[in-house]
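Worksheet: one structure, shown below.
The values are calculated or read from the model by the stated rules, or taken from the named source; none is laboratory data. If you're wondering where the values come from, they're calculated on a predicted model, not measured in any experiment. Glycine gets a Cβ as well: all are built from the backbone with ideal geometry, and neighbour counts include every protein chain shown. Ligands, DNA and RNA are stripped out before the accessible areas are found, and what is left, the full protein with its side chains, is counted by its heavy atoms. Shrake-Rupley method; radii C 1.70, N 1.55, O 1.52, S 1.80 Å.
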Amino acid sequence: MTEVSVAKEDKAATDELVVLKSVNKHFGALHVLQDIDLTITRGEVVVVIGPSGSGKSTLCRTINRLETVDSGSIAIDGKPLPAEGKELARLRADVGMVFQSFNLFAHKTVLENVTLGQVKVRKADGKKAEEKARALLDRVGVGAQADKYPAQLSGGQQQRVAIARALAMDPKVMLFDEPTSALDPEMINEVLEVMKQLARDGMTMVVVTHEMGFARSAANRVVFMADGRIVEEATPDQFFSNPRSDRAKDFLSKILHH
Amino acid sequence: MFDFVKDYDLLGAFWTTVQLAVLSAVGSLIWGTALAAMRVGPVPLMRGFGTAYVNTVRNIPLTVIILFTSLGLNQTLGISLGANDVETINFRLAVLGLILYTSSFVCEALRSGINTVPVGQAEAARAIGLSFGQVLRHVVLPQAFRSSVVPMANVLIALIKNTTVAAAIGVAEAALLMKEMIENEAQLLLISAVIAFGFVVLTLPTGLILGWLGKKVAVKR
């Protein structure tokens with residue numbers, strides 16, 4: 001842990017991209033996020049793991065304010081997250097998001113899914129947007145499906161299109177909210193491969209996942225959450241081989257031994 | 001047997017019915033969509049207005065609304081909607097009344113369509129930086145319209161038949177002509193049959209065509 005925090009502070013002075021400070025959120029009586037402090041530096045890949053209901057998805061969704069927070073502050077690239085309106089929309093455009101259920105626009109072709117944001121938000125020229133979209137679709141390996149509708153694609157293909165759609169906005173950071181949880185087992189790897197490639201290319205990523213293999217191989221840091229709190233932060237090696245908290249030991253013992 | 005029909009301008013009367021229906025349909029679609037946008041929007045004041053409007057207007061009998069446009073708006077407040085002769089004024093007032101009434105049903109049909117669009121798609125649209133208006137225009141409404149074609153067809157058929165209420169303020173459409181014919185001829189059943197047939201000619205294809213269209217444009221999920 002000492003190594004990590006030193007490395008973190010070195011970078012933190014210059015390049016804090018996402019900063020959450022004492023963030024609290026309730027769903028009714030449920031205190032779903034409790035005093036969350038989390039700093040993500042540029043180029044870092046942070047994997048958030050933890051049992052269901054621990055607040056990890058909510059944490060991910062607060063970063064682009066799909067969930068509001070009750071107290072605390074969230075800043076992206078030095079700018080505090082605005083509450084509503086145009087400012088918020090502009091900031092969201094800089095934060096890519098990939099959902100568990102893909103959420104592609106069902107009435108638009110794959111290509112239109114990837115060009116919509118470029119044209120309407122970035123005001124890009126139609127032709128340029130299409131070129132970029134095709135390049136991105138090729139990059140995630142679904143270039144041949146550009147003119148199909150989402151319903152005609154497999155889950156893995158849809159999720160890769162969703163990644164391309166988010167990348168088309170040139171985001172500063174990408175949020176992945178359990179991107180492989182709704183996929184058939186045989187399609188998980190094609191999505192994880194794309195994500196690993198993104199990580200290698202230096203994209204800043206926050207990934208909520210149950211894929212421990214991905215956490216081990218692609219993460220710079222693992223954040224373990226339970227009951228609305230960040231219980232433990234460590235490098236993947238440290239976390240998986242030598243977890244410090246009992247809660248993490250318990251969690252790992254349940255998922256790793258079968 | 002149908003000789004008496006020649007003495008009346010049946011086609012002219014039905015043409016007025018069609019005009020009433022088409023103009024009211026277009027107006028209701030626009031105002032109803034605006035109401036639906038208010039009801040799903042983020043501004044509490046507009047949400048409140050949309051809800052109050054729909055719940056008030058759809059529960060008032062159409063006859064009362066149409067009579068109000070004539071007695072209230074025109075004769076009391078002097079609103080003539082830019083027309084000078086009584087016939088045009090009454091026609092326009094009837095269209096206004098039909099729009100005010102029908103848009104509350106259009107709003108609810110459209111809202112049922114909006115509910116078929118998964119919440120996640122609106123979230124994804126917001127997440128790429130689209131504003132509320134853009135989310136509605138480019139993602140939610142196009143899908144909502146497609147899945148509300150069939151309920152909209154019901155609203156349109158009801159509207160076509162509701163145009164007969166315009167007779168209450170003297171608009172020379174099919175129902176007013178029917179009243180006149182019944183007063184002049186001893187052919188009650190035949191006259192009713194002719195008018196009823198005229199409406200079926202208008203409404204049956206509407207339902208069939210929109211039913212087919214609804215299937216054709218349905219969004220595959």
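Remark: for residue pairs A:LYS127/A:LYS196; A:LYS86/A:LYS127; A:LYS79/A:LYS172; A:LYS148/A:LYS196; A:LYS86/A:LYS123; A:LYS86/A:LYS132, the C-alpha separation exceeds 19 Å in A:LYS127/A:LYS196; A:LYS86/A:LYS127; A:LYS148/A:LYS196; A:LYS86/A:LYS132. Solvent-accessible area of the stretch A:47-97 (1.4 angstrom probe, protein heavy atoms only): carbon and sulfur portion equals 49 percent. Rolling a 1.4 angstrom probe over the protein heavy atoms with all chains in place gives the stretch A:123-184 an accessible area of 41 Å² per residue.
Here the calculated FRET efficiency for B:ASN59 and B:VAL201, from their Cβ-Cβ distance with R0 = 45 Å, stands at 0.90, rounded to the nearest 0.05.
Straight-line reach only, C-alpha to C-alpha below 12 angstrom: list the aspartates and glutamates that B:LYS161 could link to, leaving out same-chain residues fewer than 8 apart. In chain and number order, the partners are B:GLU173. What whole number of Å gives the distance from the Cα centroid of the stretch B:23-69 to the Cα centroid of the stretch A:235-258? Each part reduced to its Cα centre gives a spacing of 58 Å.
Shown for the stretch B:3-217: the carbon plus sulfur share of the solvent-accessible area, taken with all protein chains present and a 1.4 angstrom probe, equals 68%. Projecting label points 7 angstrom from Cα along Cα→Cβ for B:LEU208 and A:ASP15 puts them 6.9 nm apart. Only Cα pairs under 8 Å and 6+ residues apart enter the sum, and on that basis the relative contact order of the stretch A:7-91 stands at 33 percent. Just for the protein assembly as shown, what percent of DSSP beta bridges are antiparallel, to the closest 5? That works out to approximately 55 percent antiparallel.
Computed over neighbours whose Cβ is under 10 Å from that of A:GLN157, the net charge equals +1, Lys and Arg +1, Asp and Glu -1. Compactness check for the stretch B:3-217: Cα Rg over 2.2 N^0.38 Å is 1.17. A straight line joining the Cα centroids of the stretch A:155-170 and the stretch A:12-66 runs 23 Å.
With the simple spin-label model, which puts each label point 7 Å out from Cα in the Cβ direction, the B:ARG221 to B:ASP3 separation comes to 6.2 nm. For the A and B pair, go ahead and give the buried accessible area with a 1.4 Å probe, both sides summed, in Å² to 100. Counting protein atoms only, the buried area is about 1800 Å². Once C-alpha pairs closer than 8 Å and six or more residues apart are averaged by separation and normalised to the residue number of chain A, the relative contact order reads 26 percent.
In the complete set of protein chains, residue-level accessible area for B:THR88 is approximately 40 Å², probe 1.4 angstrom. Calculated on C-alpha atoms, the gyration radius of the protein assembly as shown divided by its Kirkwood radius gives an Rg/Rh of 1.14.
Across chain B, the relative contact order, built from alpha-carbon pairs under 8 Å that are at least six residues apart, equals 28 percent.
Each of B:LEU100, B:SER28, B:SER147 was placed along the dipole of the stretch B:3-217 (beta-carbon charges, centred on the mean Cα), and the one lying farthest toward the positive end is B:SER147.
Projecting the Cα atoms of A:ALA144, A:LEU104, A:GLN118 onto the charge dipole of the stretch A:97-184, computed from C-beta unit charges around the Cα centre, puts A:GLN118 farthest toward the positive end. Residues of the stretch B:83-132 buried by at least 40 Å² of accessible area upon assembly of all protein chains, compared with the chain on its own (1.4 Å probe): B:GLN121, B:GLU123, B:ALA124, B:ARG126, B:ALA127, B:ILE128, B:GLY129, B:LEU130.
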